[in-house]
Structures are given as structure tokens and as C-alpha cells.
Amino acid sequence: MANIRTVGVIGAGQMGSGIAHVCALAGYDVLVHDVAPERIAESLKLINRNLSRQVARGIVSESDMDGALSRIRPAESLAIIGATDLAIEAATENEEVKKQIFRALQPHLSDSTLLASNTSSISITRLASATDRPERFIGLHFMNPVPLMKLVEIIRGIATDAGTYEVAVAFAKSLGKTTANAEDFPAFIVNRVLVPMINEAIYTLYEGVGTVDAIDTAMKLGANHPMGPLELGDFIGLDTVLSIMNVLHDGLADSKYRPCPLLVKYVEAGWLGRKAGRGFYDYRGERPVPTR
């Protein structure tokens, strides 16, 4: 199987930007596409800022930063992504949106292009079934924030062949990442364990066991977590937390994965966490303030 030289990233949000960042820093030529062209420009600015921080901290050199930025280019149309060696989808955590992207991309793909999804919970087998190459389809679940987090979960669908898997592992390692193999079950490993913990913390708040501040302080100081579970939920995005809980609940049919009604209420209110300015904390002032 041919070596990967060019990477296409579909989705210019926080995850897509992070993936483009680490790929370019590792020497790959990167194309970034988004349905909203203004998001591509915002993504390039974010990558520039994050690389500048790494330079200031002595993690990368100025020449490394300049080289990485020179290797990232916007892709105005999805068709341009089809010429890359590896196309990574990093769109919103919605199965139908992801399938639509792969269906739209399919006519433009070269015969050798590998496909990957950065989904954090959705079946790789089902996503691969929307393409003409399920044997060349794999899950590459990067952790957020991508430039800092060392893990990539590698998830094979039922039809993913051995060659695709080997190339995916080698690619992730070339980015300086450590890989963990996960079977194609709802939410894989990290989110199967992590997101129900966040949901349980929300139940703890919902039932009045503790306040936002008490719950997060207890878990930071009592369990040595770097971030409290409610703060972490805000960081991930409460809409994403709800989506993953729904995938777990629907896929495993176990009541222990029922999303907390308070989580549903916050998402319905548009209080999605940091990205919306409000979640379990209000981020609109000088410092975050609990909303309950």
C-alpha cells in the first residue's frame, strides 16, 4: 500500500484544526475543507496561534512552525480532498452528516485513497458502508486537544483489511502518537468510560448531592483529576456528551447509559459549554462562574 504523503481534513473545527496541525508538523501536506469557508480561515488562525504557543514553550522551533504552516492549504471544495492519500472526516458527531460527507466525497476519490473518521462514538462499520471502499476505511479517534494529547484510538470496521490497519497505525505513530486498538462497539474505549462518568456527575448535580463547584472540587482533589467532570463536559461540548450518551444508550440498550435530563435541558437551551459561552459554567466574564 502506497505511503501517505498528503492528508485531507474535512471539518475545520477544533478537532479538524488539531489534526491538521499535527499532520503538518509531522511533514505531511495538508488540505483543510469545511462547508463554511469562513471556518477554514478561522482554523488557519487557530493553528497559527497554537503553533506560536508551542514555539514560546520551546516545544517546536520557529522553522518547524514555518514549515508546518507552509504545508497547510485550504480546500475550497470537497472534490479537492479526493486527490489526497488519506482523507480524515472530523465533522460534527452526527451519523447522517458523516455519511453524507463520505457519499459526496466518493466520486472524487482516487483508487488508492484511504478513508478515516475521527468519530468518538459512532460505528465504523456503519460509516464504512456508506462508501465504495469499506476495506479501506478505519476509525482514527484523536483526543482533544490534538496537539497535546498523545493517544489515538484505532478502530477497525468489520470489513477493514489488514493493510489499512497497518498503514493507520504507522501513520498515527508518525505523528508522535501512541495507539490503542478498540473494537467497533459504541463509544469505543475512552468515551465508553469517560462520558458516562460525566453523565453521572450531571446526575449528582441534578439530584442535589452537590453543587457544580463541590462536584468538580471533589473529583479534582479526591480523585486527582486535572479537570472536574462538569468542567470537562463544558470543554468537550455538552451536545457532544449528549450525542455520545445517546449512542451508548441506543447501541447497548442498557438503562445505565440514559442521558441525564439536566444534560438534555442544557443542550436544548443552547448552553453547550465553552464554545457557547455557557454550560455548567458561565464563561462570559473574567473567570468561569458556576451556573447552578
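The values are calculated or read from the model by the stated rules, or taken from the named source; none is laboratory data. These figures come from a predicted structure and were not determined experimentally. With ideal geometry, Cβ positions are generated from the backbone for all residues, glycine too; neighbour counts draw on all protein chains shown.
Only one of 22, 55, 30 is assigned by TED's automatic domain parsing to the domain that holds residue 97, within 17 Å of residue 144 (Cβ to Cβ) and not polar (S, T, N, Q); which?
Details: 55 fails: within 17 Å of residue 144 (Cβ to Cβ); 30 fails: within 17 Å of residue 144 (Cβ to Cβ).
None of the others qualify; the one that does is 22.
Kindly indicate whether residue 205 is farther than 30 Å from residue 161 by Cα, without any contact (Cβ under 8 Å) to a residue 60 or more places away in the chain, among the hydrophobic types (A, V, I, L, M, F, W, C) and outside the structural domain of residue 157 (by TED's automatic domain parsing). Against the criterion (farther than 30 Å from residue 161 by Cα, without any contact (Cβ under 8 Å) to a residue 60 or more places away in the chain, among the hydrophobic types (A, V, I, L, M, F, W, C) and outside the structural domain of residue 157 (by TED's automatic domain parsing)), residue 205 does not qualify.
Listed residues 154, 122, 158; which is touching a Ser or Thr at 6+ places or on another chain (Cβ under 6 Å) and in a loop (DSSP other than H, G, I, E, B)? Explain how you work it out, then say what you get.
Values: 154 fails: in a loop (DSSP other than H, G, I, E, B); 122 fails: touching a Ser or Thr at 6+ places or on another chain (Cβ under 6 Å).
Exactly one of 154, 122, 158 is touching a Ser or Thr at 6+ places or on another chain (Cβ under 6 Å) and in a loop (DSSP other than H, G, I, E, B), namely 158.
Taking helices (runs of 4 or more DSSP H) as the structural unit, those lying wholly within region 1-116 and holding at least 1 residues that are touching a residue at least 40 places away in the same chain (Cβ under 8 Å), within 24 Å of residue 157 (Cβ to Cβ) and of a type outside the set (Val, Ile, Thr) correspond to 14-25, 78-81, 95-105. Taking region 190-210 as the region of interest, how many residues are of a type outside the set (Ser, Thr, Tyr), over 28 Å from residue 180 (Cβ atoms) and either in contact with a strand residue (DSSP E or B) (Cβ under 9 Å, 6 or more places away or on another chain) or in a helix (DSSP H, G or I) (or both)? Selection size over region 190-210: 1.
Pick from region 135-167 the residues that are of a type in the set (S, T, N, Q) and at pLDDT 95 or above: which of them is nearest to residue 68 (Cα to Cα)?
Quick first cut of region 135-167, residues of a type in the set (S, T, N, Q) only: 144, 160, 164.
Imposing the further condition that a residue be at pLDDT 95 or above reduces the set to 160, 164.
Details: 160: 31, 164: 26 Å.
Checking each candidate, the answer is 164.
Here is the figure for region 158-176: residues that are in contact with a strand residue (DSSP E or B) (Cβ under 6 Å, 6 or more places away or on another chain) and free of Cβ contacts under 8 Å to residues at least 40 places away in the same chain total 4.
Would you check if there is a residue in region 191-206 being of a type outside the set (Val, Ile, Thr) and in contact with a His (Cβ under 7 Å, 6 or more places away or on another chain)?
Here is the first cut: in region 191-206, the residues of a type outside the set (Val, Ile, Thr) are 191-192, 194, 196-197, 199-201, 203, 205-206.
Narrowing the set further to residues that are in contact with a His (Cβ under 7 Å, 6 or more places away or on another chain) leaves none.
Scanning region 191-206, I find no residue that is of a type outside the set (Val, Ile, Thr) and in contact with a His (Cβ under 7 Å, 6 or more places away or on another chain), so the answer is no.
The single condition from (1) surrounded by 15 or more Cβ atoms within 10 Å (Cβ to Cβ); (2) without any contact (Cβ under 8 Å) to a residue 12 or more places away in the chain that residue 222 fails is (1).
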